[in-house]
Structures are given as C-alpha cells and as structure tokens.
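K.L.:
My questions all concern the structure below.
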Amino acid sequence: MNALFGKCVLCAMMATMADSLFAKTATWGDEKYRPKLFKRFGSLVNVPDGLTQDAAGNIYHSAPNLVDNSYPGVVMKRDFRTGRWSVLCAGLRSPKTNVGRPMGLEFCREDGNLYYCDNQYFDSKDYASRVMRVVLDTKGEVLRIETAVDNVKLANAIRFYKGDMFITDTYFDLGRKDGIGVGGVYRIPLAACKDKTVSLLPKPDYKKDPYFLCATETKPLERGDDSGADGLAITKEGHLYFGTFGSGRFYTAKRKSDGSYEPAKLLFEDPKRFPCCDGICYDEVANRIIMSDSCLNALHTWDIAKEEKGECGFGELWRNGDDNGAHGLLDQPCEPMIWKDRKGNRKLIIANFDMTLPGLTNKKNDAYHTLSVIDLD
Ligand SMILES: [Ca+2]
Ligand SMILES: [Ca+2]
Ligand SMILES: [Ca+2]
C-alpha cells in the first residue's frame, strides 16, 4: 500500500468511526470525492448500465434489466432543464431471443442519433448481440430503432470519433487451450452502416474482419472470469483506451496522423489494485481516464501526462465496501460519465450495475437501483 493511499485509508477510518451511527460501510479515498445519490430508480431500471449525453446536457441511461426480467430493457432520458426522467424507448427485441438489452450507449453528434449496444450474450451466445441506432427527430423524439451492426458476441461499449464508430466485443469464445479469454475492439465507419447493417465476421475469422482493430487477452483471476474488452474511451486526439472486465488489463492504441492505429499496448496490469475494468471515460479537463472497477466497488484514474513521461499513470479516486447504494455509495460501478450541471459545475455520474457475479465486493442484488454523483470541482 502506498503512503498516500494509506493516509486516505486512515482518514476514511476516522471519518467512518465518527459517522458510525449512520455509515457502517468501509470507505477509502478523499472525503471530498464521497459519492452521493444522484438518482434512485424503481424496478423499471433494475440493472443500471450505460450513460451518455447530448449537446444540450440531456442524459441518456440504459438498463438491460437482467435481474428482474419482467421489465424490458430500457433507455431512460433525463431532461437537462427540468431534471425529470422519462422512458425514451424500450430496447428493440431481438428476433433470436425476443428480448432487448441496452448496455453501453453513446449520442452521436455527427448524425444526431443515439446508438446503443444490445447485449444479448446472456440470452444467446450465438452472435445475437447488435449495435442499434435510435433515430431521433429534431425534437429528440424517437422515430424508429434500426440495426447498425450485427453478428456481435457481447456488444459492450460504444464511442464515436471523426465519422467512425468504435465498439468493444467482450467475448470471442475461441476456446483457447491456455484458458486465455480473447476480446477486442472494432472500428466501423458510420458511412458503412448508414443504409445497411454491417455484419461482423465469425470470431474464428476475426483477423480477416475489415472492421477488427485490436484484441485483448484475459488470464482469469481467482474469480474465474475470462471476459475481455469492456470499457472504451477516446481522447480528443483519437487515442483509444480500453480494459478487460475479467482481469483489469488496461490498454491503449494510439491514433496515427493518417487516421490508422498503432498496435494495442498494455499500459497497466495489477490485479490487486485493479482486478476489473468495466466502463471508462475520458476527462478532458484533467487529461485522464476514469475507470469503473466492478469488482472492488472503486473508481480509478489514469494520468495521461504521466504516461507520456514514461511514468505509471494509475491512481485511486474512491472505493467502498459492500453497500446497497441507498445513500450514493458505489454498488458495482459500471460506467462513469463527466457532465456539467445547470450551474456549470463538473460532476462525475456513475451507474451502479448491482448484479452480483462470483468474487465481486457486491454481494446482493438489492432494491436500490442507483446512479451516484461525485463533485469534481
Ligand atoms: Ca460495461
Ligand atoms: Ca448491491
Ligand atoms: Ca443497489
């Protein structure tokens, strides 16, 4: 344990002792970053997942609702002016599984539409996942939902950069004898999927796929999870950052001046401090990546300036023990997003997945389905 983190632990322990009557959950990190409750949803949103926003500051939030299947997967919208939440749309049902499971989503400023990853992997491992385009009119009303990309295994995160869509596919299911789980990142020009659906190649042929960009490798940790590329972030220069859910391997792929990408480079691997990379986002003001750690109930940071100096960019922002999230503490954080409120204050909004898996800090799918918020200013 480093000195700074040790000090944080001590501060947190003292604060926890002082607050012991109403806060029993262990916490680590600077109290000024203690997550607060941003929104508690009812059962309509029983597995919070993706976050994005449009130019007006309206927030879009997806929920695949894998815990209580009686509710369809859904995309919610929060009106920037009024703060009111409403249902934007239910996830379009897959003809293969008869369910819709919106996960990672991103508002595309280039065409004014909303795209979401339809994660069908837990319902079918037979390439049923897709990337969906929610076509919006100029007032933001939904006109229709269409399939932009199909033949995906587990569509997880989505980003856009200069006319291209980038997505992560968490499982390639190659059945490697060494037990390594492969996942990867794809790059699909928006023009290619504008008037027709782009189909990815089956995974045994992934290296021949014109849309395949780079792969991740996951050696399962004690919790036995081989899942690959999950969260994805893109800097203003177009550099990619991504990490594996199963082992927290954290990578970058640098964009070259001709728009192509250098091979992926492993930046950080330390299963004790970062055993699980779920959703990540780019913080342009601080020139860093913020990573959700579903396993540790934590948020980590990656300092890009340090990386460029050849130093380790890893840092810790917040961590707490198992908690139901009722007061805003993290409960299996899966996606962070930086957002400015009406006063112009910078906030970090965090979705809490709260769907237990073996070996995670979160032990119970409780009744508090929440988004947390941290003040960054
Ligand atoms: Ca994710
Ligand atoms: Ca929980
Ligand atoms: Ca909860």
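The values are calculated or read from the model by the stated rules, or taken from the named source; none is laboratory data. In this text, all values refer to a predicted model and were calculated from it rather than measured experimentally. So basically every Cβ, Gly included, is an ideal-geometry build from the backbone, and we count neighbours across all protein chains shown. Note: areas computed on protein heavy atoms with side chains; ligands, DNA, RNA excluded. Shrake-Rupley method; radii C 1.70, N 1.55, O 1.52, S 1.80 Å.
K.L.:
Any chance you could run the full-extension gain for Thr138 through Ser70? It's 0.36 nm times the residue separation minus the Cα-Cα distance, nm to one decimal.
P.N.:
Fully extending the segment from Thr138 to Ser70 adds 21.2 nm.
K.L.:
Also: Could you grab the relative contact order for segment 82-145? Cα pairs under 8 Å, six or more apart, rounded to a whole percent.
P.N.:
24
K.L.:
Which pairs in the list Lys207/Lys272; Lys153/Lys306; Lys219/Lys309; Lys265/Lys364; Lys236/Lys265; Lys96/Lys363 are over 25 Å apart, alpha-carbon to alpha-carbon?
P.N.:
Lys207/Lys272; Lys153/Lys306; Lys219/Lys309; Lys265/Lys364; Lys96/Lys363
K.L.:
Looking at the chain as a GNM with Cα springs under 10 Å, which of Tyr261, Tyr282, Tyr127 has the largest mean-square fluctuation?
P.N.:
Comparing Tyr261, Tyr282, Tyr127 in a Gaussian network model of the chain, the most mobile one is Tyr261.
K.L.:
Springs between alpha-carbon atoms under 10 Å, Gaussian network over the chain: tell me which of Thr356, Thr52, Thr97 tops the mean-square fluctuations.
P.N.:
Evaluated over the chain, the most mobile residue of the options is Thr97.
K.L.:
May I pose another question? Can you give me the distance in nm between label points at Asp126 and Lys208, each placed 7 Å from the Cα along the Cα-to-Cβ direction?
P.N.:
Output for this residue pair reads 2.3 nm.
K.L.:
For segment 35-375, report the translational diffusion coefficient in µm²/s to the nearest whole number, using Stokes-Einstein at 37 °C, 0.692 mPa s, and a Kirkwood Rh over Cα pairs.
P.N.:
Diffusion coefficient, whole number: 167 µm²/s.
K.L.:
Test of understanding: extend the Cα→C-beta vector of Lys219 to 7 Å, then name every residue of segment 180-208 with backbone N under 17 Å from that spot.
P.N.:
180-183
K.L.:
Still on this model: Tell me, what is the FRET efficiency for Lys177 and Lys363 to the nearest 0.05, using R0 = 45 angstrom and their Cβ-Cβ distance as r?
P.N.:
0.85
K.L.:
Sticking with this structure for a sec: Ignoring any ligand, DNA or RNA, what whole percent of the accessible area of segment 319-373 comes from carbon and sulfur when the probe is 1.4 angstrom?
P.N.:
Carbon and sulfur: 50 percent of the exposed surface of segment 319-373.
K.L.:
Give the relative contact order (percent, whole number) for the chain; include only Cα pairs under 8 Å separated by 6+ residues.
P.N.:
14
K.L.:
So which trypsin sites (Lys or Arg not before Pro) in segment 257-325 are both in a DSSP loop and have at most 10 other Cβ atoms within 10 Å of their Cβ?
P.N.:
Those that pass, being in a loop and sparsely packed, are Lys272, Lys309.
K.L.:
Taking a spot 7 Å from the Cα of Arg84 along the direction of its beta carbon, which residues of segment 28-63 have an amide N less than 16 Å from it?
P.N.:
So the set is 58-59.
K.L.:
Sort the following peptides by mean Cβ neighbour count (other Cβ atoms within 10 Å, averaged over residues), highest first: 37-44, 62-69, 135-142.
P.N.:
62-69, 37-44, 135-142
K.L.:
Give the accessible surface of the chain per residue, rounded to a whole number of Å², with probe radius 1.4 Å and ligands, DNA and RNA excluded.
P.N.:
Averaged over the residues of the chain, the accessible area is 43 Å².
K.L.:
Could you compute the net charge surrounding Glu237? Neighbours are other residues with a C-beta less than 12 Å from the C-beta of Glu237; K and R count +1, D and E count -1.
P.N.:
Net charge around Glu237: +3.
K.L.:
How much length is gained on full extension from Lys36 to Cys312, taking 0.36 nm per residue of separation minus their Cα-Cα distance?
P.N.:
Stretched fully, the Lys36-Cys312 segment lengthens by 96.4 nm.
K.L.:
Expressed in nm to one decimal, what extension gain is obtained for the pair Leu44 and Lys24 from 0.36 nm per residue of sequence separation less their Cα-Cα distance?
P.N.:
4.3 nm
K.L.:
Please identify, among Leu267, Leu51, Leu232, the residue showing maximal mean-square fluctuation in a Gaussian network model of the chain using a 10 angstrom Cα cutoff.
P.N.:
Looking only at Leu267, Leu51, Leu232, the biggest GNM fluctuation is shown by Leu267.
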